[in-house]
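Data first, discussion second: the structure below is written as structure tokens.
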């Protein structure tokens, strides 16, 4: 269940690059580049502004697609109630970790993101970035590739690759291993235990 923490950083950077005027450009890179001025004062008190931060996150992520893809072939084997419970729990885990990372990280790494490429293929796009995490000579650098899909006149994130590792694929591998060895109920228990920490 370490993936939820691992994915928080790329989502964090994506959130802090959103803004309403990005839609005017209609470019996935512009959508990511434009700083969301409304978010900056919110991260000073993430507990108080939790609902507003999550609202921004929900505008950015296609959680339905992410949850379904993360469960892979096991999705269709689950009842509608199980699908709903799984999606709600995974979403809550993601939101919890993002809010925590926002409180820890936002504002420390201004101008830490370099945009190195954009590819658009119809209603799908990828935007490649290099992120510098931290300051000084020991700061880590890693590549994040955002995978986006067109939604109306805007874009929405459906997956992210961090140093070549897909968020969805990473989740799917972990979940498949737990389900095949211990069962779906055990997976849900592990996720809920993690959420309760």
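Read-outs: derived from the displayed coordinates by stated rules, not from any lab. None of the values given here were measured: they were computed from a predicted structure. Cβ coordinates were reconstructed from backbone atoms using ideal geometry, including for glycine residues, and neighbour counts include every protein chain displayed.
Laid out as a table, the results:
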quantity	calculated
Förster radius 22 Å - calculated FRET efficiency between residue 59 and residue 153, Cβ distance, rounded to 0.05	0.95
Gained length - residue 133 relative to residue 77, 0.36 nm times residue gap less alpha-carbon distance	16.2 nm
Two-site FRET efficiency, residue 84 against residue 50, from Cβ-Cβ distance with R₀ of 22 Å, rounded to 0.05	0.45
Neighbour-count order for 160, 60, fewest beta carbons within 10 angstrom listed first	60, 160
Reciprocal mean inverse distance between Cα atoms of segment 61-197 - Kirkwood radius, Å	16.8
Burial ordering of 61, 188, fewest other beta-carbon atoms within 10 Å first	188, 61
Cα centroid of segment 115-150 to Cα centroid of segment 54-75, whole Å	19
Cα gyration tensor shape of segment 128-197, rounded if a/c is under 1.5, else prolate or oblate by comparing a/b with b/c	oblate
